1. Can you confirm whether residue 98 is of a type in the set (Lys, Arg), loosely packed, with under 10 Cβ neighbours inside 10 Å and more than 30 Å from residue 42 (Cβ to Cβ)?
2. Give the residue, chosen from 104, 116, that is assigned to a helix (DSSP H, G or I), among the aliphatic types (A, V, I, L, M) and either touching a Cys at 6+ places or on another chain (Cβ under 9 Å) or surrounded by 13 or more Cβ atoms within 10 Å (Cβ to Cβ) (or both).
3. Just for the range 36-73: of the residues that are modelled with pLDDT under 90, of a type in the set (A, V, I, L, M) and exposed (fewer than 11 other Cβ atoms within 10 Å of the Cβ), which one is farthest from the chain's Cα centre (by Cα)?
4. For the range 87-100, does any single residue satisfy the condition of being of a type in the set (D, E, K, R) and under 13 Å from the mean Cα position of the chain (by Cα)?
5. Within the group 122, 88, 81, which residue is surrounded by 10 or more Cβ atoms within 10 Å (Cβ to Cβ), in a helix (DSSP H, G or I) and either among the charged types (D, E, K, R) or free of Cβ contacts under 8 Å to residues at least 12 places away in the same chain (or both)?
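The values are calculated or read from the model by the stated rules, or taken from the named source; none is laboratory data. Just so it is clear, the structure is predicted and the values come from calculations on it, not from any experiment. In this analysis, Cβ positions are derived from the backbone assuming ideal geometry, glycine residues included, and neighbour counts consider all displayed protein chains.
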Amino acid sequence: MGFLFYVRGNKEKMSHAKPTELKRALGNPGKRKLPDKNKVTLLPQISSQAPAHLTKAQQSKWTEIRTLAPWIAVTDEPLLTSLVEKMTRQKELAAELKKSTFVLYTDKGYAYANPLFGMLSTIETEIFKLLCQLGLTPVDRSKMGVAEVKARTKLEELLSQKRDVAQ
């Protein structure tokens with residue numbers, strides 16, 4: 001979230017700074033000095049081998065995310081590992097909540113919300129933050145300038161249909 005400020009009575013939201021990669025791609029419209037490309041450290045892509053301590057399902061998810069997000073670097077491994085572990089915990093909490101009731105009662109009959117709600121909400125917030133940090137949401141991908149979802153044109157659709165019919 002950006003800071004709010006007022007300009008002539010209108011409430012406007014300050015925009016966040018664009019990543020350097022995006023400024024280079026767009027031609028640096030603000031004309032601020034960019035880091036020298038020769039001095040920028042290129043980080044290697046994260047290994048395709050998932051950490052050994054993860055379960056088979058977690059390793060599969062880790063590999064899937066790594067394959068779909070080639071911009072994730074070796075320095076992001078702890079974030080990706082944490083994301084996969086939290087996703088597993090989220091599924092476990094959701095399963096427990098499904099087995100339980102939404103409202104619990106004290107021994108004196110007072111109703112209170114099941115604590116699993118708060119735990120699930122917290123883990124979902126943490127997952128969302130990790131998704132953002134890794135550039136795995138549409139907004140963050142576009143800010144980073146690493147990937148776009150491209151709608152198929154009518155011509156591409158007709159060609160695809162033609163290929164499907166031919167097969």
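1. For residue 98, the condition - of a type in the set (Lys, Arg), loosely packed, with under 10 Cβ neighbours inside 10 Å and more than 30 Å from residue 42 (Cβ to Cβ) - is met.
2. Result of the check over 104, 116: 116.
3. 42
4. no
5. 122
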